[in-house]
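I have placed the structure first, in the form of structure tokens, so that the comments after it can refer back to it.
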Amino acid sequence: MKVFLSADIEGTAGIVHWDEATRTHSDYAEFHALMTGEVVAACEGARAAGADEIVIKDAHSSARNLILDRLPDYARIIRGWSGHPDLMMYGLDPDFAAAIYTGYHAKAGSDANPLAHTLTGRINRLLLNGEMASELTLNALCAAGYGVPSAFLSGDAGICADAEAMLPGIVTVATLEGAGYGASSHSPERARAMIREGVERALSKDMAGQIPTIADRFEMIIEFNNPSDAYKASWYPGAKAHGPCAVAFETTDFFEIQRALRFICL
Ligand SMILES: [Zn+2]
């Protein structure tokens, strides 16, 4: 069994401030180690469920966060950004039995994590067919395009609730609960134990319900914090100004949503 793991940092147990997620800040040393610990715990859970290969996409910021020498010998690691629109899911293909997510965080416009955002801090809210979208929304639809179910997610309680609503049957582990600019969190050791157990359970059960239906038509509205970003985005082919601070983009092909986000937001 091959398993794909997309790893972010803003839903790692204990995290509460951008300094802790920023490679060049002295606070980062502790938190990229904690991020790595959660990834290793997920690998161990997958191994216990029968995975013989785990492909890990380092999916935060520079995509150079995980401490490589701590990863198990059955893992492959994808670092950096190729430029492919699959972004945080780059490297996934139909051969994988499941996609799992660690360190995931609440969406832009949510108060469930002080570090809530979707793709970039420049987006106020991302709407897909009228509903606020998270990175998980985009990534679970990307996985569905390959016929791959989304089996497990760990991160803040907000993204866990969103995951359960979108993907009935997904196993989640809430590492932290945000409150304004703060959060209450499990200890890292407890979070790692829950992740190990949760991934094993997730990959040992039926995952058929965890491939979301891909709509026939998508309307995406990207609301920015700054009108200058909306002006710039309005020049992407097919994008239209949507008020002074947003653009709208319509397509029948979800991959075109991914391509538009790749070029408009990143
Ligand atoms: Zn991130």
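Sorted largest first, the spans of the alpha carbon positions of segment 218-265 along the three principal axes are 27, 17, 16 Å.
Proximity of backbone amide H atoms, modeled 1.01 Å from N, is registered between residue 56 and 5, 76, 77, 78 at under 5 Å, excluding neighbours fewer than 5 places apart on the same chain.
Modelled this way, with points 7 Å down the Cα-to-C-beta line, the labels at residue 266 and residue 76 are 1.9 nm from one another. Could you list, bin by bin from short to long, the percent of Cα-Cα pairs of segment 36-177 in 10 Å steps? For segment 36-177, the binned pair fractions read 11, 42, 39, 8, 0 percent. Note down the nm distance, to one decimal, between modelled labels 7 Å out along Cα→Cβ at residue 179 and at residue 213. Taking the two extended label points, one gets 4.0 nm.
Answer rounded, prolate or oblate for segment 155-199, using the Cα gyration tensor with square roots of eigenvalues a ≥ b ≥ c: rounded when a/c is under 1.5, else prolate when a/b is larger than b/c, else oblate. Oblate is the answer for segment 155-199, as a/c is 1.5 or above yet b/c matches or exceeds a/b.
A straight Cα-to-Cα reach below 26 Å connects residue 205 with the lysines 2, 57, residues fewer than 8 places away in its own chain not being considered. Restricting the calculation to alpha carbons of segment 64-145 gives Rg and Dmax of 14.4, 43 angstrom. When restricted to Cα atoms, segment 160-243 yields an Rg and a Dmax of 19.2, 48 Å, respectively. If you keep only loop residues by DSSP, which trypsin sites (Lys or Arg not before Pro) in segment 161-251 have at most 16 other Cβ atoms within 10 Å of their Cβ? Answer in residue order: 205, 217.
Sequence-ordered 3J(HN,Hα) estimates for segment 71-88 from the Karplus curve with 6.51, -1.76 and 1.60 and θ = phi - 60° stand at 7, x, 5, 8, 9, 10, 10, 10, 10, x, 10, 5, x, 5, x, 5, 6, 5 Hz, glycine and proline given as x. Placing unit charges on each Cβ (+1 for Lys and Arg, -1 for Asp and Glu) gives segment 2-210 a dipole about its Cα centre, and among 119, 82, 154 the Cα reaching farthest toward its positive end belongs to 82. For segment 11-53, backbone nitrogen atoms closer than 14 Å to the point 7 Å from residue 193 Cα along Cα-to-C-beta are found at no residue.
Hey, can you rank 218-227, 21-30 by average C-beta count inside 10 Å, highest first? Show your work: numbers first, answer last.
Working: 218-227: 18.4, 21-30: 13.5.
Descending mean neighbour count gives 218-227, 21-30.
Size check on the chain: the Cα extents along the three principal axes, sorted descending, read 50, 40, 31 Å.
Ignoring lysines fewer than eight residues from residue 240 along the same chain, the ones with Cα atoms less than 26 angstrom from its Cα are 107, 232. Placing +1 on each Lys and Arg Cβ and -1 on each Asp and Glu Cβ, with no other charges, gives the chain a dipole about its Cα centre of roughly 380 debye.
Read the figures in this text as sums done on the coordinates, not as results from a lab. Predicted model only: the values in this text are computed from it and were never measured. Virtual Cβ from ideal backbone geometry, glycine too; neighbours counted across all protein chains shown.
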